Amino acid sequence: MSATLGTLLHELQPDWKIVAYERLSEVAEESSNAFNNAGTGHSALCELNYTPQAADGSVDVSKAISINEQFQLSRQLWSSLIDRGVLSGPDTFINPTPHMTFVRGEKNVSFLKTRYQALSKQTLFADMEYSEDSRVINTWAPLLVEKRLKTDAPFAATRVTGGTDVDFGALTRQLFSHLAASGAQVRTNTEVRSLKRQKDGTWLIKSRRTLGHAPAEIKASFVFVGAGGWALKLLQNSGIPEIKGYGCFPIGGQWLMTSKPEIVAKHHAKVYSKATVGAPPMSVPHLDTRVVDGKTSVLFGPFATFSPKFLKNGSNWDIVTQVRPSNLFSMLKVAATNFDLIKYLVSELLKNHSRKVQDLRELMPDAKDEDWTLRQAGQRAQVMHNGKLQFGTEVITSADGSISGLLGASPGASTAVPIMLGLLKRCFADEYAGWEPKLRQLIPTLGEQLNDKPELAKETFEKTSAVLSLQG
């Protein structure tokens, strides 16, 4: 998010001074790190939580369309930045990877078929395929059907070949590298300790080096807090009233991972399935092809873990120090009304390696314990507000637009571009109209709804696919 916003601001106002602070020795080592997230180019092609089913059996596809529209904006900006030399070759951060959904059981098969029938009528999902034939699914993803018994529950799958696997860590590093080369300051090993509004409307930012603890301070007319789980703490420190009532619930994760050539060679897809009852949407099980630093592996998960930290490199006191009179009641209500989630987390914590591989066999019947190792994923600080646990992303902005920050998780990085465009419009209202011509150079369909314009959607998708080398 911060790298995207910084890049947009530099393209629009190259004369503005930009300073970025990073607590760690390198950027993108927390939530954006490749193995700390699923790497899915979230476009609702395979994620069932974006297509809820109503009591009458119908499926609402409105959110899926919205998420897909947003990802098209991200694709366009990345394509433009490749053309401008800001980003390196596309295979350094994005690779073509089919997106699939796989379900078992008559009820789930019926739901998936209804979902397919509703989505395939939409322009952005017209290429979706559906099958209940094991022979067809075997050609899509052999690991799903090998050794699956004929007496097993009925199953079905959908596939969209135009999906992607994204290394958001590599993408973030490239964006910050370009910003630094263009005059922006990227201060690593530096932690922001205080945000204080001044009488003239600017913000006094106090920081210190994490090595040597040397203090420093600067003034800024605008501040964006893209600090992952720590965004809550920094926004609370700023004192803006808009952050009152918000809290965070930390959820960690683990992957089962293999780089065994025989397994990797048989799987080229991101396969999402149904979530366990009580599980948060971010814990939907998926079997993913991942390409990181040119090396391909297969991941399964995520399995939930618990830590009181808001970041992997956070503090064990995070969950306590966030408490304020304004958010205490909301957090207590979340705890009282989310028993299924607590039960789910406890069951996840009790699983050993063999039990996790057993879960994997729901998707990959032939999985063997010895082929898979556990790898820690990232921390997610899920938003709590008004007594509800929220699973999306939310931008918090002060009334005067001088400070803004991002809370939440999925779909996160995939929709960084539209989220930051919305922030620009809100926080730089006087400048935005003058920026629009340049923004349309970077994102040609800005303001358009591609799902309503089949010809424009096809043209845009083909252009970005060519630049991003996604025809494969």
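No lab work stands behind these numbers, since they all come straight from the coordinates. Every value quoted in this text rests on a predicted model; they were computed, and no experiment measured them. Note that each Cβ is placed from the backbone with ideal geometry, even for glycine, and that neighbours are counted across all protein chains shown.
Any idea what % of Cα-Cα pairs in segment 96-189 are farther than 23 Å? Intermediate values should be presented prior to the final figure.
Working: 1977 of 4371 pairs.
Result for the distance tail: 45 percent.
Calculate the length of the line joining the C-alpha centroid of segment 220-235 to that of segment 395-412, in whole Å.
Here the two parts' Cα centres lie 8 Å apart.
Work from the charge dipole of segment 356-446 (Cβ charges, +1 for Lys and Arg, -1 for Asp and Glu, about the Cα centre) and give the residue of Gly434, Gly408, Met384 farthest towards its positive end.
Gly434
Using Cα-Cα distances under 8 Å and only pairs 6 or more residues apart, what relative contact order does segment 324-410 have, in percent?
28 percent
What order, most packed first, do the peptides 130-136, 91-97 have when packing is the mean number of other Cβ atoms within 10 Å of each residue?
Highest-to-lowest ranking by the protection proxy: 91-97, 130-136.
Using each residue's phi in segment 14-28, evaluate 6.51 cos²θ - 1.76 cosθ + 1.60 at θ = phi - 60° and report the 3J(HN,Hα) Karplus result to the nearest Hz, with x for Gly and Pro.
Coupling constants for segment 14-28: x, 7, 7, 8, 10, 10, 10, 10, 9, 5, 8, 6, 9, 6, 6 Hz.
Rank-order 196-206, 162-172 by packing density, defined as the average count of other C-beta atoms within 10 Å over each peptide's residues, highest first.
162-172, 196-206
Mean Kyte-Doolittle of at least -1.0 plus a Cα span of 24 Å or more along the axis: flag which DSSP H helices in the chain meet both, please. Please list the in-between numbers first.
Working: long enough: 62-83 (32 Å, -0.22).
Result, helices passing both filters: 62-83.
Please give the Cα centre distance for segment 370-388 versus segment 324-365, rounded to the nearest Å.
Computed from Cα coordinates, the inter-centre distance equals 10 Å.
Which whole-number percentage describes the relative contact order of segment 281-360, with Cα contacts under 8 Å and a sequence gap of 6 or more?
Once normalised by length, the contact order is 24 percent.
Which whole-angstrom value gives the distance between the alpha carbon centres of segment 418-468 and segment 1-64?
Centre-to-centre (Cα) distance: 16 Å.
Using only helices, what value at 222 nm comes out for the chain when you add -39,500 (n - 2.57) per DSSP H run of length 4 or more and divide by the total residues, to the nearest 500 deg cm²/dmol?
Helix-only estimate at 222 nm: -10000 deg cm²/dmol.
Quick one: compute the contact order of segment 47-178, relative version, from alpha carbon pairs under 8 angstrom and 6+ residues apart, as a percent.
Here the relative contact order equals 33 percent.
What order do you get for 184-191, 447-454, 98-105 when each peptide is scored by the mean count of other beta carbon atoms within 10 Å, highest first?
98-105, 184-191, 447-454
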